[in-house]
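Notes follow once the structure below has been shown.
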Amino acid sequence: MQIAYVTLSGRGAIDRLLAQAVGQLEAAGLALAGTVQTNIDRADRPLCDMDLRLLPDGPEVRISVDRGPEARGCRLDADALERSVMWTEAALRRADLLVVNKFGKQEAEGRGLTTAIAKALEQGIPVLVGVNGLNLQPFLDFAGQLATPLPASAEAITEWCLAACRDAARDHMAQAFETAHG
């Protein structure tokens, strides 16, 4: 079981970094499941719109709710997030790697994509997670000794993911051989 994370400060920085790494992983031919976030700035609002690209070939889903220019508080559309979770869990059946754009407040509270992460790990699928500073400790509590920090570099992330997927495939083949010849 392998789970790595990257943390980076700056609004949208992790999202842009993971999108770049996902592009490299897709070009390398990996079958991906998960989410990549895009933030869309709006001139008439202080906060951006948040969209998720559902991997591998899913739709883009708006996960933020526009509550007006003066609104405060949570803008997350929990229903849209839960639909994204269901899509992600279904995509695990054919995935080499799970990408989770953010271990956020929902995940810190045991919701969101935590079940997808657990299912991927149980199936021997490596997991890559973006984590902001506010939720780093809850993520480390969740992942325990399995968590591997990665440098904030698309090349380093891609290298880790490719190696983790090779290791997982080798382990899967060894387990299948052992089962067949046990």
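Pairs linking a residue in region 122-146 that is outside any helix (DSSP H, G or I) to a residue that is of a type in the set (Asp, Glu) and surrounded by 14 or more Cβ atoms within 10 Å (Cβ to Cβ), with Cβ atoms under 8 Å and 6 or more positions apart or on different chains, are 125/96; 126/96; 130/15.
Summed over region 84-121, residues that are in a strand (DSSP E or B) and either touching an Asp or Glu at 6+ places or on another chain (Cβ under 9 Å) or under 18 Å from residue 57 (Cβ atoms) (or both) total 6.
Does residue 141 satisfy being more than 21 Å from residue 82 (Cα to Cα), among the charged types (D, E, K, R) and in contact with a helix residue (DSSP H, G or I) (Cβ under 7 Å, 6 or more places away or on another chain)? Taking the combined requirement at face value, the residue does not satisfy it. Selection of first residues in region 160-174 that are at pLDDT 75 or above and of second residues that are loosely packed, with under 13 Cβ neighbours inside 10 Å and of a type in the set (A, V, I, L, M, F, W, C), restricted to Cβ pairs under 8 Å at least 6 apart or on distinct chains, gives the following pairs, ordered by first then second residue: 162/28. Checking each residue in region 1-17 for being touching a helix residue (DSSP H, G or I) at 6+ places or on another chain (Cβ under 7 Å) and either closer than 24 Å to residue 119 by Cα or at pLDDT 95 or above (or both) picks out 1, 2, 3, 4, 5, 6, 7, 17.
Look at residue 73 and say whether it is touching a Leu at 6+ places or on another chain (Cβ under 8 Å), in a loop (DSSP other than H, G, I, E, B) and modelled with pLDDT under 95. No: the conditions fail for residue 73. Within region 1-26, the set of residues being aromatic (Phe, Trp, Tyr) and surrounded by fewer than 16 Cβ atoms within 10 Å (Cβ to Cβ) is empty. For region 110-119, the condition of being farther than 29 Å from residue 10 by Cα and within 15 Å of the chain's Cα centre (by Cα) holds for at least one residue. One residue alone among 20, 24, 37 is at pLDDT 95 or above, within 14 Å of the chain's Cα centre (by Cα) and not β-branched (Val, Ile, Thr), and that residue is 20. Just so you know, in region 90-109 the residues that are over 22 Å from residue 171 (Cα atoms) and surrounded by fewer than 24 Cβ atoms within 10 Å (Cβ to Cβ) include one that is farthest from the chain's Cα centre (by Cα), and it is 109.
The values are calculated or read from the model by the stated rules, or taken from the named source; none is laboratory data. Note that the structure is a prediction, hence the values are computed from the model and not measured. Here the Cβ is made from the backbone with ideal geometry for all residues, glycine too, and neighbour counts use every protein chain on show.
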